[in-house]
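Note sheet for the following structure.
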Amino acid sequence: MSVTIEPIPFFETNYTWLLYEEETKNALLVDPGDFTPIDSIIKDKHLNLQSLLITHHHSDHTGGLRQFKETYSCQVFAPMKERDRISEATHYVQDMEQISIGFAQFIVINTPGHTLGSICYYDANLKILFTGDTLFSLGCGRLFEGSPDQMFQSLQRIKSLPDDTLVYPAHEYTEDNGRFALSLAPNNLALQKRFEQVKQLRDAHKPTLPVLLETEKKLNPFLLAAIVEEFTRYRKAKDQF
Ligand code: ZN
Ligand code: FE
């Protein structure tokens, strides 16, 4: 059984992650924020769209939901804490809840901060983690609803996952984030190397994602922050960068 995972870019910086099984063509989408550009890929590949996973209520993550549900009558998973803001979901999920959808078995991890109900989806066998707007490569989400302390704790939970986990964020922000990370650690050779690689990928219009969690643990300033005060300082500086 082989699972293929591909980014579908839409809007300026968003990715919907498409997962499908080659043999059955069964498919799922993470954060389908738009319908038409994403649906055209589903149709081109003749996929059987079965499930949608939603990380949080922002419209660039939920915008395609209603039309996908109407077209494919797929099941929709969304955070319980945001049930009032994501009315189209069929399953509202809580921290540590298991979701089994054929070729993948996810565990829900509550990661408040960007929004109060934000969640990540983790599959320990496939070693994949969908982080929405909580963790980006070399960055993290803005604190629209949660406190610095909440986001710091959320990132500690992500940090506790195995190094060989592949991280799939919902935005292509890596180059900007890299510029900020380098401003904090201009002499970090590994960071310089990753930034060069990121620039080359972007010049070639290629995604910089997914990224190994091991790389993020070593280079992402928001994961490197040892205490909440340090995290808060970086977050404030990034907001003004
Ligand atoms: Zn968001
Ligand atoms: Fe977003």
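The values are calculated or read from the model by the stated rules, or taken from the named source; none is laboratory data. In this text, all values refer to a predicted model and were calculated from it rather than measured experimentally. Here the Cβ positions follow ideal geometry from the backbone for every residue, glycine too, while neighbour counts run over all protein chains shown. Quick note on the areas: whole protein, heavy atoms, side chains included, nothing else; ligands and nucleic acids left out. Shrake-Rupley method; radii C 1.70, N 1.55, O 1.52, S 1.80 Å.
Numbers at a glance
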read-out: Shape box of the chain [Cα atoms, principal axes, largest first, Å]; value: 50, 38, 31
read-out: For the chain, calculated [θ]222 nm from helices alone, where every DSSP H run of n ≥ 4 adds -39500 (n - 2.57); value: -9500 deg cm²/dmol
read-out: Among 96-107, 59-70, the order from most to least packed when residues are scored by Cβ within 10 Å on average; value: 59-70, 96-107
read-out: Mean Cβ count within 10 Å, highest first, over the residues of peptides 216-226, 112-122; value: 112-122, 216-226
read-out: Tilt relative to the chain, helix 228-239 - C-alpha long axis, 0 to 90 degrees, to 10; value: 80
read-out: Cα-centred dipole magnitude for the stretch 3-239, charges only on beta-carbon of K, R (+1) and D, E (-1), debye, nearest 20; value: 480
read-out: Accessible area (Å², per residue) of the chain, counting only protein heavy atoms and a probe of 1.4 Å; value: 45
read-out: Of all accessible heavy-atom area on the chain, the percent that carbon and sulfur account for (1.4 Å); value: 49
read-out: Length-normalised contact order for the stretch 3-239 - Cα pairs under 8 Å, 6+ apart - percent; value: 14
read-out: Ratio of Rg to Rh over the stretch 161-241 (Cα coordinates, Kirkwood Rh, two decimals); value: 0.95
read-out: Solvent-accessible area of Tyr15 with every protein chain in place, 1.4 Å probe, in Å² to the nearest 10; value: 10
read-out: Calculated from backbone phi, Karplus (6.51, -1.76, 1.60) coupling profile of the stretch 69-85 in Hz, x at Gly/Pro; value: 5, 5, 6, 10, 5, 7, 7, 10, 9, 8, x, 3, 5, 10, 5, 6, 9
read-out: Positive-end extreme of charge dipole, the chain - chosen from Pro186, Thr71, Asn125 (charges on Cβ); value: Pro186
read-out: Entries of Lys81/Lys217; Lys159/Lys236; Lys193/Lys238; Lys25/Lys69 with Cα pairs more than 26 Å apart; value: Lys81/Lys217
